[in-house]
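Down below is the structure, laid out as structure tokens.
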Amino acid sequence: MSVRDPHRFSHELDDATTERLINRLESRANDVVFTRLFDQYANQIDFPESGRTLEIGCGTGAMIRSLVRKNNFSGEVVGVDQSAAFIEAAKGFAAEEGADEYIEFQVCDVHELDFEDDSFDVAIAHTLISHVTDPELVVKELARVLRKEGTLVIFDGDYASLTYALPDHELGRRMDHALATASFNNPLIMRDLIRMLPGVGLQVTNTLADVVSEVGSCSYFRSFAETYAPFVVSAGLMSEQEVEGWFSMLEQSIKDNTFFASCNYYTYIIKST
């Protein structure tokens with residue numbers, strides 16, 4: 001068995017796994033723990049009237065549906081993802097919300113964007129850069145399609161900080177590392193990214209840092225555990241018995257109202273120079 005970030009290979013997954021990830025993306029987008037982070041950076045973006053906005057790795061389109069609902073948004077928005085199943089789901093959800101007339105979705109590899117140079121005023125990579133095969137190539141592509149003085153927003157986690165508290169500290173430590181390894185191709189990318197940007201004509205103008213944590217009760221981190229813990233087993237990082245024991249301790253902490261989980265997230269607001 002080998003480690004395969006499921007989002008990195010989202011276009012190759014079986015139907016059941018794809019459905020599990022679709023459900024995770026939609027539940028995450030409706031969780032107040034996460035929506036406040038999106039709102040925080042979206043409210044700082046100056047969307048030009050009649051401008052063009054691109055989201056790469058849009059998944060089910062949950063973030064850009066939220067975007068078009070915002071009062072300060074205007075213009076055209078395009079969402080791309082490598083997974084045809086995700087794009088089909090995105091089109092369906094947008095139609096259900098009556099947002100399909102404002103959004104264009106297409107299947108596209110973010111390492112080779114199918115757009116001309118200087119095509120967009122705003123580009124967003126929302127929890128995408130941690131999954132891609134070649135982050136530097138993706139950043140170069142974003143720099144290419146952004147217009148001069150355009151805005152790029154990259155939001156993602158620093159997954160070395162991902163942690164769940166367990167009475168068994170050693171099992172918890174091993175599982176934290178296994179979850180980050182199985183779920184993210186580039187768990188430390190937000191540390192590395194800051195060195196990549198200047199070389200492709202991109203400059204960070206503002207950084208937002210957030211500790212996402214749930215103590216006592218939980219929703220966001222429980223959904224994360226339910227979705228991604230099975231990948232730890234399939235990657236051969238820990239045994240099924242160990243993961244089941246880990247999850248049983250989490251379930252007990254939820255019942256006892258002693259749950260604790262945390263992860264650091266960062267937003268880089270970037271200008272094309």
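None of the figures in this text is laboratory data; all of them are computed from the coordinates on show. Computed from a predicted model, the values in this text were never measured in an experiment. FYI the Cβ positions are ideal-geometry reconstructions off the backbone, even for glycines, and counts take in every protein chain you see.
By other beta-carbon atoms within 10 Å, ranking Tyr220, Tyr164 with the fewest at the front produces Tyr220, Tyr164.
Apply the a/c threshold of 1.5 to the C-alpha gyration tensor of region 22-63 and tell me whether it is rounded, prolate or oblate.
Oblate.
Note on Lys140: aspartates and glutamates with a C-alpha under 20 Å away, same-chain residues under 8 apart excluded, are Glu55, Asp81, Asp109, Glu112, Asp114, Glu116, Asp117, Asp118, Asp121, Glu149, Asp156, Asp192.
Taking a ≥ b ≥ c as the square roots of the Cα gyration tensor eigenvalues, region 52-206 comes out oblate, since a/c reaches at least 1.5 and a/b does not exceed b/c.
Compactness check for the chain: Cα Rg over 2.2 N^0.38 Å is 1.00. Value of Rg to Rh for region 153-203, rounded to two decimals, is 1.15; Kirkwood radius and Rg both from alpha-carbon coordinates.
Among the trypsin sites (Lys or Arg not before Pro) within region 32-118, those in coil by DSSP and having at most 12 neighbouring Cβ atoms inside 10 Å are Arg69. Neighbours of Leu13, meaning other residues whose beta-carbon lies under 13 angstrom from its beta-carbon, give a summed charge of -2 when Lys and Arg score +1 and Asp and Glu score -1.
Among Glu104, Glu55, which comes first, then next, by fewest other beta-carbon atoms within 10 Å?
In order of increasing Cβ crowding within 10 Å: Glu104, Glu55.
Calculated mean residue ellipticity, 222 nm, the chain: -12500 deg cm²/dmol, from DSSP H runs (n ≥ 4) at -39500 (n - 2.57) each, averaged per residue and rounded to 500.
Rounded if a/c is under 1.5, else prolate if a/b beats b/c, else oblate: with a ≥ b ≥ c from the C-alpha gyration tensor eigenvalues square-rooted, which is region 177-273? Since a/c reaches 1.5 but b/c is at least a/b, the shape of region 177-273 is classed as oblate.
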